Each structure stands twice: as C-alpha cells, then as structure tokens.
Amino acid sequence: MAGALVGGAFLSAFLQVLFDRIASSEVADFFRGRILSNGLLRKLKIALLSVNAVLEDAEEKQVTKSAVKEWLDELKDAVYDAEDILDEIASKALQRKLDAEFLTTGCKARSFISTSLNPFAKEIEPKIQEVLDRLEYLARQKDVIGLREVVGGKPSERLPTTSLVEESDICGRDDDKEAIVNLLLSDDASGSEMCVIAMVGMGGIGKTTLAQLVYNDTRVKEHFNLEAWVCVSEEFDVFKVTKTILEAVTLSTCDIKDLNRLQVTLKEKLKGKKFLLVLDDVWNEDYVDWEVLKNSFKSGVQGSKVIVTTRNASVASVMRPIATHHLKQLTDEDCWSLFAKHAFDDSNSEAHLELEVIGRQIVKKCKGLPLAAKTIGALLRSKLDVDEWDKILKSELWDLSKDGGNILPALRLSYKYLPSPLKQCFAYCSIFPKDYIVRKDQLVLLWMAEGFLQQYKNKTMEEVGDEYFLNLVSRSLFQQSSSDKSHFIMHDLVNDLAKFVSGQFSFRLEGDYSHELVNKTRHLSYFKTRFDSSKKFEDLYKAKRLRTFLSLTLPPSSETFYLTKKVTHDLLPMLRCLRVLSLSHYSNMTDLPDSIGKIKHLRYLNLSFTAVKRLPDSICKLCNLQTLKLLGCRYLAVLPKDMWRLINLRHLDITETSIKEMPIQMGRLKCLHTLTTFIISKHSGSCIGELGKLSSLRGMLSILELQNVASPTDALNAGLKDKRYLEELVLEWSADTRVSESERTVLDSLQPHTNLKSLTMNYYSGKSISDWVGHHSFSNITRMHLKNCKYCFCLPPLGQLPSLQDLSIVGFDGVIKVGTEFYCSGSSSINPFGALKVIRFDQMLKWKEWSSFASENEGGAFPHLEELYIQNCPELMGGLPLHFPSLTKLVIIECPQLVASLPRAPALWDMQLLHCNEVLLKELPSRMQKLKVGGFGALKSLPEGMMDGKTCLQELEVCDCSSLMSFPKSGIPSTLKTLKITNCRKLEFPMNQNFSSLERFFLIDSCDSLSTFPLDLFPKLYDIIIRGCRNLESLSIPEEYLHDLMTLQIQIHDCPNFVSFPKGGLPTPNLTWFWVTNCGILRSLPKKMHIFLTSLKYLRIEDCPEVESFPEGGLPSNLNLISILSCDKLIASCKGWDLQQLPSVRKLSISGKSEDVRSFPEEGFLPINLTFLYISKFPAMESLNKKGLQHLTSLEQLWIQDCPKLKYMPDEGFPASLSFLRINECPLLKKSCQRKKGKEWRKIAHIDCVMIDEELIA
C-alpha cells in the first residue's frame, strides 16, 4: 500500500486507515443501504486522494513555510474528525448487531438494525458533510500554496562526508577507536576474502568521525594496500556507488556507463590487494542491492575489510558483519571537553569560571550527543556574556538548533526515511516526557488503541506493533536500557524530534502550561502528583476531541495519589472521542460513572491499582474495547455479567483482584490474547471448559480454585495442550483442600503445550504429581515453582528439563528424601539440571536427606547453579551434594539438624547462615564478600577465620546472638564497607580496631556496654543508624580532630541515656539526613548547625521532650523538610524558631502537647514557600489562624490530627493553592465540616479533596 513506502508522509498511513475504514463492511453497508447518500462516500474518497498526492511535498515544506504548516495541521485535524465519524458509524452498526442477537429471528433482527440506525443517520450526515467541505477546501488550497506531487523523491541537500579529520577536535572516542582498529588488524577466522564491520548509532553520535579517525590511523594505513572512502548517504544506487568506489580507488574520474563493465573494472583494480573500504552513512536495507554491490569486492585478498556506518541496525544486519559496534553517548566530562574546544578561542575555560559553571549545565542537556555539544559550543563561541550563556541554558536545544545549527536537519533525516506507518507511531511517542522509561508491550497496546497497527492474515496487531517498535530501536530512535532489557528510553533530542513532528496534536501537561492546550490537541499525558485537582485539568474542556488521556507515574510508584471526582464525573463524559484512558494508581477512585459507556471509541482502559469496587454495566457497551487493565484492584470482587459483549477485547488483566468467579459465556471473547486469571466457581459463572474456546490465549494464565473443577473431562475441555502461545501457567487449588485421589486425574487433564516457559503449582492436594510435570519434552521451561503440595511424598524428575533455570520447592510436607527420582526418570544421557541457576527448598518439614546424583558430583548435576536456598527444613541432617562449581550465593536458614559439610563451591562470595547448627560456622570459606550470620544463641565469639587477612569481606551482618561477646582478635577486615549488628546486647564493640574502610554502620539493640560512639574512628562513614543502645550517652569527636566527616545520614533512635553530641558540633558538611527519635534525656541539638550542616535537607526530631531550643544561629538554610513531633519544650519555644529565614523548606510537620496554644499558627511563623503542613496533638487549640496561613500561596496539602478542641477554620478560608485537606481525630471539627451541613463547610468547599477520618467527603 502507498502508506507503507519508505519516506512516505506521516498522513499516508493515516489516510490508508481511513480508506480501509470506508471499505469496511459496517461502513459500506451503512452507505449501500441508502441510510446515507452514496455521493458523500464517493466525494470523501476523491477529496482524500487529492490531498494524499501532495503530502510528501507538504511535509518537506512545512519546516520553512508557515502557510504549508498551517495547511497540514488543518488537514490532520479534518482527517482526525473524518476517522472519528467513520469509527462512530462502525461502532453504532456493531452495537446494534450485538443488541439484535437478543432477538429470536433474523427478520426481526434486520428490521431492528434498520429501524435503530435511521435516526442516527440523520444525526451523522451533517457531520460528514462538514468534514467533506473542509477537505474539499483544503484540496483546492494545495495549489494556491504551491504543493506538488513528488515523483522519485528529492536529492539530499547535505554535503557528502570525506575521510579528512582534525584529530585534536575529537574527545572521548579512544576506546571506540581502539576496538575498531583491533578488528581491522585482526586476521579473519572465517577465511573469506572480505569482512564487514558495522558502526551503528543515532544521528549526531559521531559514527562518521570515528570512521575518519580509524581510516587515518597510521597502523591502519600500513596494514592495507589500498583505502577508499565513499559517502553513500540516502540514495543507494548500485551503479552510482560502484562508480564512486572505482573513482576513489583509481583517484580519477570514470565515464563508464554500463554496470557490468564498472564491476569488472573495479574487480580488476582490487584483485590481489588487501583493501579497506569505508561506506559512510548507509540507509539501504535491500539485501539484493548489497549482494550485487559486493560482487566486485571478492577479488581482494583475505583480510580486506569494509566499514559501514549507519543509523539502522537492520542495514548492518543485511551486510552480515563480523562485528557490530554500537556507539554510546559521550560522558559528561568528554562532552564538556568537546564543547569547550568550540566555545572558547583557546579551548581554555579556566579564565571564565563563571561561564564554565553554566556551560557544564548546558552540556548535561546535550545528553552525550557530540553533534549537540559541538553545535551549541560553536553558537557561543567568543560570547563571554553570562546572560547570553544563561539564556542558552534556559532554552531548548531543539529551538537553538533552528538558528543555523545542524542538529535539526541531521535528526530529521531519521524521521524522513521512516516507513509511513512508523511515522505516526514515532510521533505518538511525544506524549512521553524526557527520560521516561518506555516498556515495549505497553506502547504497542497504546499504538493498537490509536489505530496505528493493522492486522494481517498471518500476523496479529501485537506482532506488527512489536516489529514497528524493534524497527525504531534498530534505527536508534529508542535505546535499550543497560540495566533492564525491557526498558527503553529516547534521547532528549529524539524526544524533541517527536514533539516537533506531532506539533499541537500531542501535549504533555507539565507545570502551569495547560493553557497551551488547543482544540486540535488529540493526545494528552501528564505525571500524577500527590493530588491532582480540577485546576490541573480545567483547560481540557477546550480539547473535546481528545483521543488519549494518559496518566503516568514516576518510579518508584509507591506514593499514594488522589484524583478529583470532577475529572471522572464531569470532564470524561465530555471527551467522547477517547481511544485511550489511563487512570491507574489513584487510590481514592472507587467507581466509574455510567457515562463511561458513551465513550464509544474507547479501546484502552487502565484502572490498575485503584480502589474501584465495581465496574458499571455500561462498560459492556464499549464494543471497541481492546485492553482492560484491572491489575491490583483489590476491592473489585465481580465483573459485569455481560462481558461477553466486548467482542473486540484482546487483553484482560485481573491479577491481584478479589474476583471470585468469571462472568458467563467468557468463551465468546474470541479475540482474547491475554487473560491473566481465570477463577472457577463451584456453583455459577463460567466453567473451566470456556477456556477451550479461547484459542488465541498467550502470555500468562493463572487458573484458580481448581478444586471446583467438576470432572477431569471438564479440565480436558480447557484445551491447555492446544494453547501453543501460552508462556506462563499458574495452577492453584484452595489452601484448605484435603487430600484427594481425583486431583491427579484433573492435573493429568491440565497438561499444557510443550512451548510453556514457566509453571507454578500451588496447594495441589494429590499424593503424586502428573508425569508431564518434569517430562523432558517441556524443553522450553525456564522457571518452575511447586508450592504447598503437602500430600506428595516424592518430587518429579525435574532434572531432565534442559532449559530450567529457576526452581522452587516449597511446602512438600510428605517428602523425606530427595533422591535419584529428582534428577531423572529411568536412564538418561543428559547431565541433570544442566541449565539451573537458582534453586530454593523451603518449609520441607520432614525432609531429612538430599542425595547426590553420583558418588562424585563433579561434571554431573548442577554445573551452572549460582544460588542455593535451604530454609525451614527442621529435620534435614546431611547428604548435601558435594560440589557446586558455579555457586555464588548460599542461604541456609532454620535448619538446626544440618551438620554435614558445606559443599565445595570455589565461586561462592555471598552466604547467610541463620538459626542453624554452630558446626557450620567452622567451615566458612575465606573468599566471602557478603556474610550474614545469626541465631546462634550459645556463640560467644565470632570464628577467627571469618575476618583473617585472606578475606575480602565487604558486608557483614551479625544478628540474634544473645551470648556473643567479642569479634575475632584478627580485627575488622580492611575491605569491610558495611557492618550491621542486631540484637547482640553482650557484644563488646571493638574500639581498638581499624574502621577506616567502613562506609555504612547499623547498630540495633546491641552493645549495651557502649557509652560513647567515637565518630573520628569512622572517617569514611556515609550512613550511621543506631537504635536501642541502652547505655549510649554521646557521639564524640576529639577537639584536636580537624577533618570533616563524610557522613550523609545520621539516625539515633530509642537510646534512653543519650544526652549529647560532640562539644564543637558535627563537622559533616555533606550530611543530608538527621533524625533523632525517643531520646528522653537529650537536651540539645548539635551546635553550629547553620555552619557545619550546610547540605542538610531533612531534619526530624521526635519524642525528645527535654530538647528546649534549636542551637544558636538557627537551622541550616538549605533544609527542605522539618519534622518536630512530641517535643514539648521545643514546641513551647517555637516563637524563636525563625522559620521565615528558611526559604527552602517545603514540608513541615509539628506536633506537641502545649496547653498554651489556642490558635495556630501565629502570623509570620511558617516558611513562606511551604507546600505541605502537618499539625498534630495540640490539646487546647480551638482555631486555625488566618493570619498565619494567608501568606502561604504555595500550600497544597494540610493535615490536621488529634486536636480534640479544634472547631474553627480560618475566617476567610485557606490559600487558593490548597488542594488536599486531611482531618483525623478532631471530633468537633468533623461535625462542623460535614459536607453542605456543617458550619465550617463553606470555608473548605472549594478544596478539591477533603478527607475526614479516612473517609473522602469531597
């Protein structure tokens, strides 16, 4: 189709969707039945075809001609509206068809459909006519603004690259250069005459520069007989490229006009030569073109090399390279060096230190892209005005590049040569903020909902979406995270490119810019905040044709979010064109309005992790719905009974809900690809046999309450053996199921397809497990968890699963011995557990012995096992396997009878021994890096071998050793960085040892003899947490100690005798967190806090009743959070806190038992930039003081707790910025703030969210 052409215009794919929609049976029948005029349909096609012809020309000219940009925007707007109308027609026809299924005869059904559509036709016809008029007008305007049909594409306007390079201008590519040079100089093991090396990376990353560096390297020049550089660029014409190569090789012009003669001539010139050829900036993905081109290269001698630079990994793969080198972004320091070379005449920034500070911030915005650093540096060259640099810092790099820079044109090429369907997919990604982590599966579902993916005969829409996404990755428009392979991110400038091409049709709601929304906006995203008030969304009312309403969460997402009901009940019903609606993680959302059923276009609905208790029945009218996410909706107990009407539903996620049964006729949802959970009810709902009708299921499936399966035949009807696309299967029975012989036959019938990758079984009540569990035919299984099969007396032969990597055996109460049956069944030639990396045994209450596979285990079972966990096996005595060559982590917990020797494990570096036999401590290996020991009640001293000179121990935790008195005499290892001691009260802390390497120290309920903690012994300590040290009196530093400490965090809790800090204060300029709790006789805080603690952000003092005041000089000015709780004397002196001098404070929590406070806060007491205020435990307070609150123009949240006499709100209400008011344990106030009834209600009625005693009342 036309829209699929490489380089096709953005709208081409969009128009193709429209043409497909017009040709659909629903729309065609609508017109063919004379419900609407056939002429309208014909005119619509003609108008669309007319504008389609000039789209490519328009996309090129929109960058420089505002009239073309405006024309294109109006066209996109009209096309969006046309699609909405056609989608509305198709939806109406489908809905009526479903309604008609309730009627008994076909005649009645046809009559019903026809009758019900007539009024709708009268309503829809004017809408079509209006869009048609706009399209016809735009078709006429295309000639006026000079748009023409493009034939054959336009030649590139870029200058061709050359091999010349100024090496002194290059930074940060030494390692890349060496890697490529080594590949060039190495012998080719394959023996072929010529090898390809590919360099891949996004536009502007420095591929050409690296190729130039390598090409001009002296070692490379000496290694090859012949070198040639060819800039291929976008147009890959075999004849032209061959001719260019020949001219580069011969250093003369060539007038041969026949490809055969050209290739023969080039082949002769290369014959017998070891050559190096650089093909720079290749875009062509055609395998045949490359095969034709490389025919000429085959005459070179072995060791000849071709370097290819490209943005597209697919281009590289076509050329079958021996190595592909992916260029990464420069480090900030290298990027700064490159920037400085171009920004300063002498490359020296030391003479302009103020500019360097700003310049380094500018460089961070470049995100390691050399082209950006070079371009912005050149823009600032010789400009030494600070204001000029600051202006650049506050500007978007994308905007700067328009002023003569080459960033925009360089990156626009990546977009220009995208296949047309990918253009709209790429542009859609502009809704994601910069640095947002994108998950492929999530994005594909969004693309599908927007109609960007078409279903082909042999591919699902999801498979097409996967291909599209991987195509964007291969073109370096997405970059895979190095830490998580499922995470992808866009470079900032690529994100800017997406934003540029999407224009006003996509909008990210950030800060106070909602007023920039326009009526053309179709796609909206925003980051959730603690409370999202109606003010945030008030400008959405002018974007009534919005298609995407996407709430995003910044990781980690553990925070609680609230959404005003005005969004769900007032705003959403107006957004009738929505395709995507995501309201996940709003904890106050308990329901959806019935009006959700009127959003007929909706295809994606995400309510995950909300408090939704029920879904309205009207949701079953959403016949276009494809994805319904209800993950983590813990209060949702039932699904609507007519779910079967959602005939286009493809993905239903009900994981972690309280649903007790499935609605009837689930088998009618033939399109379902994802059904995370299927619950079998005993008396109602869908039976397990309904699963047999869902042939497209894939991914993960959990089948719960299997004890309710009526018979093995019903289980067989589920057809699990035929579901070849299922990857993860969970089979779960009730926890209180008694032993049952019939469960074995049910399990036999639940055998899945051998493509399965993960199996979990829980609470199976049979005495033996089916033969298929552990059968070698399940060669794809990588993960198996068998839990709580308490009546089974032996384990299945899991050792013969060749791909198994993760295995858990939990709660097999009947197993006494793990023997040969665990490794294999019968004779087997394979080594058991050949791929296993992790194995866990837990709660094996009768297990006594684990037999080895053979007398000597070396070369036998578990060759790749890395982690072994044995927990809660009270009768296990011995017989562990002898040898684990790859084991790195060993955990043994609650195995008091285990006295056997620990297995030989030369790679072991992480061990935990808790509540075990003390014998095991005598065999500790010396190579440990992490060690946790505990629960040895009789142990008096740690073994000498734990900390001898051979050890490389970095983390040590000792816990629950009530008799332990001393560390080894050999002392603390010089490698130790983390030390945690818990519940070892008799332990003498070794003050005479060297703690210079220690970085983190935790002392909890231990070392009762410790009275003073000498900070000077811990010069590198970052974190200090001391809790429950009964006799600790002070932290100390000698007066003569002149060095600053590196400490970032100090916490002291529950130390009843703690009384003082070092006399001169805490010399900790890096300290950010200071927290003291329940130190009953502490009288003062550290001195000179305002001088010494300049980095302090968080201060929390709690339950310290004798602390009377803050130190002289006040608190550090950079404080962000202050929490003073239950410190009665300190609260009594609050008038002297001088918080007005702390402009950085955003959060303040204050509670105390002062009987003197009747009204709070006093005028001028609170910091002016406060956003969060918590007030608690003022027993005599009766009112809130308006004078103390009215200046807090940034206040967003106010929490009031346990103020029994409080009954009055401020006379003139709260600051307009307040959006969240929470009141707990204030009985008088609760009564006076009753919604619409209470005397104080009018003062708080404007606040978006009011919560009283955990009940949301507004």
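Assessment of the stretch 301-321 against the conditions (over 20 Å from Phe236 (Cα atoms), crowded, with 18+ Cβ neighbours inside 10 Å, within 31 Å of the chain's Cα centre (by Cα) and not hydroxyl-bearing (Ser, Thr, Tyr)) yields no matching residue. For the stretch 457-487, taking the residues that are of a type in the set (D, E, K, R) and assigned to a loop (DSSP other than H, G, I, E, B), the one that is modelled with the highest pLDDT is identified as Arg475.
Consider the stretch 832-859 and keep the residues that are surrounded by 20 or more Cβ atoms within 10 Å (Cβ to Cβ) and in a loop (DSSP other than H, G, I, E, B). The one that is modelled with the lowest pLDDT is Phe853.
The set of residues from the stretch 613-657 being out of contact with any Lys or Arg (no Cβ under 6 Å at 6 or more places or on another chain) and among the polar types (S, T, N, Q) comprises Ser618, Thr627, Asn648, Thr655, Thr657. Would you point out the residue of the stretch 1226-1243, among those that are charged (D, E, K, R) and part of a loop (DSSP other than H, G, I, E, B), that is surrounded by the most Cβ atoms within 10 Å (Cβ to Cβ)? That would be Glu1240.
On inspection, Leu931 fails the criterion of being more than 17 Å from Thr978 (Cα to Cα) and either without any contact (Cβ under 8 Å) to a residue 60 or more places away in the chain or not assigned by TED's automatic domain parsing to the domain that holds Cys873 (or both). Of all residues in the stretch 248-265, exactly one satisfies the criterion of being of a type in the set (D, E, K, R) and either outside the structural domain of Thr310 (by TED's automatic domain parsing) or modelled with pLDDT of 90 or more (or both), namely Arg261. Do you know which residues across the stretch 1005-1051 are within 19 Å of Met991 (Cα to Cα), among the aliphatic types (A, V, I, L, M) and within 35 Å of the chain's Cα centre (by Cα)? Result: Leu1021, Ile1024, Ile1025, Ile1026. Is there a residue being out of contact with any Ser or Thr (no Cβ under 8 Å at 6 or more places or on another chain), buried (at least 16 other Cβ atoms within 10 Å of the Cβ), aliphatic (A, V, I, L, M) and not in a loop (DSSP other than H, G, I, E, B) anywhere in the stretch 631-646? Yes, the stretch 631-646 contains at least one residue that is out of contact with any Ser or Thr (no Cβ under 8 Å at 6 or more places or on another chain), buried (at least 16 other Cβ atoms within 10 Å of the Cβ), aliphatic (A, V, I, L, M) and not in a loop (DSSP other than H, G, I, E, B).
Is at least one residue of the stretch 821-831 among the charged types (D, E, K, R), part of a helix (DSSP H, G or I) and at pLDDT below 95? Looking for residues that are among the charged types (D, E, K, R), part of a helix (DSSP H, G or I) and at pLDDT below 95, one finds at least one in the stretch 821-831, hence yes. Beta carbons closer than 6 Å, at least 6 apart along the sequence or on distinct chains, pair a first residue in the stretch 152-169 that is of a type in the set (S, T, N, Q) with a second that is at pLDDT below 80 for Ser156/Glu234. Does Leu902 count as out of contact with any Pro (no Cβ under 9 Å at 6 or more places or on another chain) and on the phi < 0 side of the Ramachandran plot? Taking the combined requirement at face value, the residue does not satisfy it.
Taken together, the criteria place Phe862 among residues that are at positive phi and touching a residue at least 24 places away in the same chain (Cβ under 8 Å). Scanning the stretch 1108-1134 for residues that are buried (at least 21 other Cβ atoms within 10 Å of the Cβ) and under 16 Å from Ile1052 (Cα atoms) yields Ile1124, Cys1127. Trp290 meets each of the listed conditions (1) modelled with pLDDT of 90 or more; (2) under 41 Å from the mean Cα position of the chain (by Cα); (3) in a helix (DSSP H, G or I) apart from (1). What are the residues in the stretch 1010-1029 that are surrounded by fewer than 17 Cβ atoms within 10 Å (Cβ to Cβ) and either modelled with pLDDT under 95 or touching a Ser or Thr at 6+ places or on another chain (Cβ under 8 Å) (or both), if any? Across the stretch 1010-1029, the qualifying residues are Ser1011, Thr1012, Pro1014, Asp1016, Leu1017, Pro1019, Lys1020, Asp1023. Look at (1) outside any helix (DSSP H, G or I); (2) of a type outside the set (A, V, I, L, M, F, W, C); (3) surrounded by fewer than 21 Cβ atoms within 10 Å (Cβ to Cβ) and you find that Pro752 fails only one, number (3). Yes or no: Asp806 in the same structural domain as Ser901 (by TED's automatic domain parsing), out of contact with any Leu (no Cβ under 9 Å at 6 or more places or on another chain), modelled with pLDDT of 95 or more and among the charged types (D, E, K, R)? Against the criterion (in the same structural domain as Ser901 (by TED's automatic domain parsing), out of contact with any Leu (no Cβ under 9 Å at 6 or more places or on another chain), modelled with pLDDT of 95 or more and among the charged types (D, E, K, R)), Asp806 does not qualify. From the list Ala938, Ala907, Ala861, the lone residue that is of a type outside the set (Ser, Thr, Tyr), closer than 22 Å to Pro832 by Cα and touching a helix residue (DSSP H, G or I) at 6+ places or on another chain (Cβ under 8 Å) is Ala861.
Being within 25 Å of Gly1114 (Cα to Cα), touching a Lys or Arg at 6+ places or on another chain (Cβ under 6 Å) and surrounded by fewer than 18 Cβ atoms within 10 Å (Cβ to Cβ) is not true of Thr1193. Suppose we filter the stretch 208-245 for residues that are out of contact with any Lys or Arg (no Cβ under 8 Å at 6 or more places or on another chain) and in a helix (DSSP H, G or I); how many remain? Matching residues across the stretch 208-245 total 17.
Here is the figure for the stretch 926-948: residues that are farther than 20 Å from Arg985 by Cα, of a type outside the set (Lys, Arg) and surrounded by fewer than 19 Cβ atoms within 10 Å (Cβ to Cβ) total 5.
Counting the residues of the stretch 1216-1230 that are more than 21 Å from Val1157 (Cβ to Cβ) and in contact with an Asp or Glu (Cβ under 9 Å, 6 or more places away or on another chain) gives 4.
Checked across the stretch 1211-1225, the condition of being surrounded by fewer than 19 Cβ atoms within 10 Å (Cβ to Cβ), in contact with a Phe, Trp or Tyr (Cβ under 6 Å, 6 or more places away or on another chain) and either among the hydroxyl-bearing types (Ser, Thr, Tyr) or not in a strand (DSSP E or B) (or both) holds for no residue. Going by the structure shown, is Ser608 at pLDDT 95 or above, within 26 Å of the chain's Cα centre (by Cα), surrounded by fewer than 23 Cβ atoms within 10 Å (Cβ to Cβ) and closer than 20 Å to Tyr436 by Cα? It is true that Ser608 is at pLDDT 95 or above, within 26 Å of the chain's Cα centre (by Cα), surrounded by fewer than 23 Cβ atoms within 10 Å (Cβ to Cβ) and closer than 20 Å to Tyr436 by Cα. Candidates in the stretch 479-507 are the residues that are buried (at least 19 other Cβ atoms within 10 Å of the Cβ) and touching a strand residue (DSSP E or B) at 6+ places or on another chain (Cβ under 6 Å); of these, the one that is nearest to Leu443 (Cα to Cα) is Phe488.
For the stretch 218-232, does any single residue satisfy the condition of being surrounded by fewer than 22 Cβ atoms within 10 Å (Cβ to Cβ), polar (S, T, N, Q) and touching a residue at least 24 places away in the same chain (Cβ under 8 Å)? So far as the stretch 218-232 goes, yes, one or more of its residues are surrounded by fewer than 22 Cβ atoms within 10 Å (Cβ to Cβ), polar (S, T, N, Q) and touching a residue at least 24 places away in the same chain (Cβ under 8 Å).
The values are calculated or read from the model by the stated rules, or taken from the named source; none is laboratory data. What you are looking at is a predicted structure, and each value in this text was computed from that prediction instead of being measured. Cβ: placed from backbone, ideal geometry, glycine included. Neighbour counts: every protein chain shown.
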